[in-house]
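Here's the structure, in C-alpha coordinates; my notes come after.
The values are calculated or read from the model by the stated rules, or taken from the named source; none is laboratory data. Keep in mind the model is a prediction, meaning the values are calculated, not measured. Every residue, glycine among them, receives a Cβ derived from its backbone with ideal geometry; neighbour counts consider all protein chains shown. Accessible surface is based on the protein model in full, side chains and every heavy atom, while ligands, DNA and RNA are left aside. Shrake-Rupley method; radii C 1.70, N 1.55, O 1.52, S 1.80 Å.
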Amino acid sequence: MDWLTLNNITQLEEIKESSKEKPVLIFKHSTRCSISSMAYDRLRRNWKEEDTQKVTPYYLDLISYRDISNAISSTFAIDHESPQVILIKDGIAIYDNSHMGISYADIMAQFQ
(Lines give C-alpha, C1' and ligand atoms only; values in the text may rest on other atoms or scores of the structure.)
Protein backbone atom coordinates (compact mmCIF):
# COMPACT_ATOMS: atom_id res chain seq x y z
CA MET A 1 0.00 0.00 0.00
CA ASP A 2 1.67 3.16 -1.22
CA TRP A 3 -0.22 6.07 0.35
CA LEU A 4 0.94 9.67 0.16
CA THR A 5 2.20 11.18 3.39
CA LEU A 6 0.39 14.26 4.66
CA ASN A 7 3.09 16.22 6.46
CA ASN A 8 2.66 19.83 5.41
CA ILE A 9 -0.32 22.05 6.07
CA THR A 10 -0.07 23.53 2.55
CA GLN A 11 -1.07 20.11 1.19
CA LEU A 12 -4.65 20.75 2.33
CA GLU A 13 -5.18 23.28 -0.46
CA GLU A 14 -3.67 20.81 -2.93
CA ILE A 15 -6.02 18.11 -1.62
CA LYS A 16 -9.05 20.39 -2.03
CA GLU A 17 -8.06 21.15 -5.62
CA SER A 18 -7.12 17.60 -6.62
CA SER A 19 -10.38 16.28 -5.11
CA LYS A 20 -12.17 18.09 -7.94
CA GLU A 21 -10.56 15.61 -10.36
CA LYS A 22 -10.50 12.50 -8.15
CA PRO A 23 -11.69 11.97 -4.56
CA VAL A 24 -9.08 12.03 -1.79
CA LEU A 25 -9.07 9.81 1.28
CA ILE A 26 -7.25 10.92 4.43
CA PHE A 27 -6.47 8.41 7.18
CA LYS A 28 -5.64 10.15 10.46
CA HIS A 29 -3.57 7.74 12.53
CA SER A 30 -2.53 7.99 16.16
CA THR A 31 0.67 6.00 16.41
CA ARG A 32 0.11 5.66 20.18
CA CYS A 33 -3.35 4.07 19.95
CA SER A 34 -3.99 0.35 19.53
CA ILE A 35 -7.45 0.96 18.03
CA SER A 36 -5.90 3.26 15.44
CA SER A 37 -3.24 0.65 14.64
CA MET A 38 -5.92 -2.00 14.23
CA ALA A 39 -8.06 0.19 11.93
CA TYR A 40 -5.02 1.10 9.82
CA ASP A 41 -3.98 -2.55 9.58
CA ARG A 42 -7.48 -3.55 8.41
CA LEU A 43 -7.38 -0.91 5.68
CA ARG A 44 -3.89 -1.95 4.55
CA ARG A 45 -4.86 -5.64 4.37
CA ASN A 46 -7.92 -4.90 2.25
CA TRP A 47 -6.53 -2.12 0.06
CA LYS A 48 -6.05 -3.06 -3.58
CA GLU A 49 -3.57 -1.35 -5.87
CA GLU A 50 -6.38 -0.55 -8.33
CA ASP A 51 -8.20 1.42 -5.61
CA THR A 52 -5.82 4.31 -6.30
CA GLN A 53 -7.56 4.69 -9.66
CA LYS A 54 -10.73 5.65 -7.75
CA VAL A 55 -9.26 7.65 -4.87
CA THR A 56 -5.97 9.29 -3.88
CA PRO A 57 -5.07 8.06 -0.36
CA TYR A 58 -3.17 10.11 2.22
CA TYR A 59 -1.80 9.04 5.59
CA LEU A 60 -1.43 11.50 8.49
CA ASP A 61 0.57 10.71 11.62
CA LEU A 62 -1.45 13.01 13.84
CA ILE A 63 0.92 12.69 16.79
CA SER A 64 3.72 14.25 14.73
CA TYR A 65 1.45 16.67 12.86
CA ARG A 66 -1.30 17.67 15.27
CA ASP A 67 -1.50 21.12 13.65
CA ILE A 68 -2.44 19.50 10.34
CA SER A 69 -5.04 17.35 12.07
CA ASN A 70 -6.58 20.47 13.61
CA ALA A 71 -6.50 22.22 10.24
CA ILE A 72 -8.30 19.28 8.62
CA SER A 73 -11.10 19.62 11.16
CA SER A 74 -11.54 23.33 10.52
CA THR A 75 -10.96 23.22 6.76
CA PHE A 76 -13.48 20.46 6.14
CA ALA A 77 -15.89 21.30 9.02
CA ILE A 78 -15.70 17.93 10.74
CA ASP A 79 -15.07 16.94 14.34
CA HIS A 80 -11.63 15.60 15.18
CA GLU A 81 -11.49 11.85 15.79
CA SER A 82 -8.64 9.41 16.05
CA PRO A 83 -8.37 7.21 14.14
CA GLN A 84 -10.44 8.76 11.40
CA VAL A 85 -11.02 8.46 7.66
CA ILE A 86 -12.25 11.42 5.65
CA LEU A 87 -13.29 11.32 2.01
CA ILE A 88 -12.94 14.63 0.18
CA LYS A 89 -14.70 15.27 -3.13
CA ASP A 90 -15.00 18.60 -4.94
CA GLY A 91 -13.21 20.28 -2.04
CA ILE A 92 -15.60 19.15 0.70
CA ALA A 93 -15.80 16.23 3.11
CA ILE A 94 -18.51 13.88 1.88
CA TYR A 95 -17.82 10.99 4.28
CA ASP A 96 -16.00 10.44 7.53
CA ASN A 97 -15.89 7.71 10.11
CA SER A 98 -13.78 6.80 13.09
CA HIS A 99 -12.63 4.06 15.41
CA MET A 100 -14.30 0.70 14.73
CA GLY A 101 -16.58 2.36 12.18
CA ILE A 102 -13.67 2.55 9.75
CA SER A 103 -14.52 -0.02 7.10
CA TYR A 104 -12.85 -0.66 3.77
CA ALA A 105 -16.17 -1.88 2.33
CA ASP A 106 -17.99 1.28 3.47
CA ILE A 107 -15.29 3.51 2.00
CA MET A 108 -15.34 1.69 -1.34
CA ALA A 109 -19.17 1.78 -1.39
CA GLN A 110 -18.85 5.57 -1.79
CA PHE A 111 -17.63 4.93 -5.35
CA GLN A 112 -20.50 2.75 -6.56
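Applying the condition of being in contact (Cβ under 8 Å) with a residue 40 or more places away in the chain and polar (S, T, N, Q) to region 12-51 and asking which residue is farthest from residue 93 (Cα to Cα) yields 46.
One residue alone among 107, 88 is in contact (Cβ under 8 Å) with a residue 40 or more places away in the chain, touching a Leu at 6+ places or on another chain (Cβ under 7 Å) and open to solvent by less than 30 Å² (accessible area, probe 1.4 Å), and that residue is 107. Residue 25 passes every criterion in (1) within 16 Å of residue 86 (Cα to Cα); (2) surrounded by fewer than 12 Cβ atoms within 10 Å (Cβ to Cβ) apart from (2).
Scanning region 52-72 for residues that are surrounded by fewer than 18 Cβ atoms within 10 Å (Cβ to Cβ) and part of a helix (DSSP H, G or I) yields 52, 53, 66, 67, 70, 71.
Filtering region 6-42 to residues that are touching a Phe, Trp or Tyr at 6+ places or on another chain (Cβ under 6 Å) and not in a loop (DSSP other than H, G, I, E, B) leaves 26, 27, 29.
Here region 73-85 is the region considered, the condition is being open to solvent by less than 60 Å² (accessible area, probe 1.4 Å) and part of a loop (DSSP other than H, G, I, E, B), and the residue that is farthest from residue 111 (Cα to Cα) is 82.
Can you confirm whether residue 98 is under 18 Å from residue 15 (Cα atoms) and open to solvent by less than 60 Å² (accessible area, probe 1.4 Å)? No, not satisfied.
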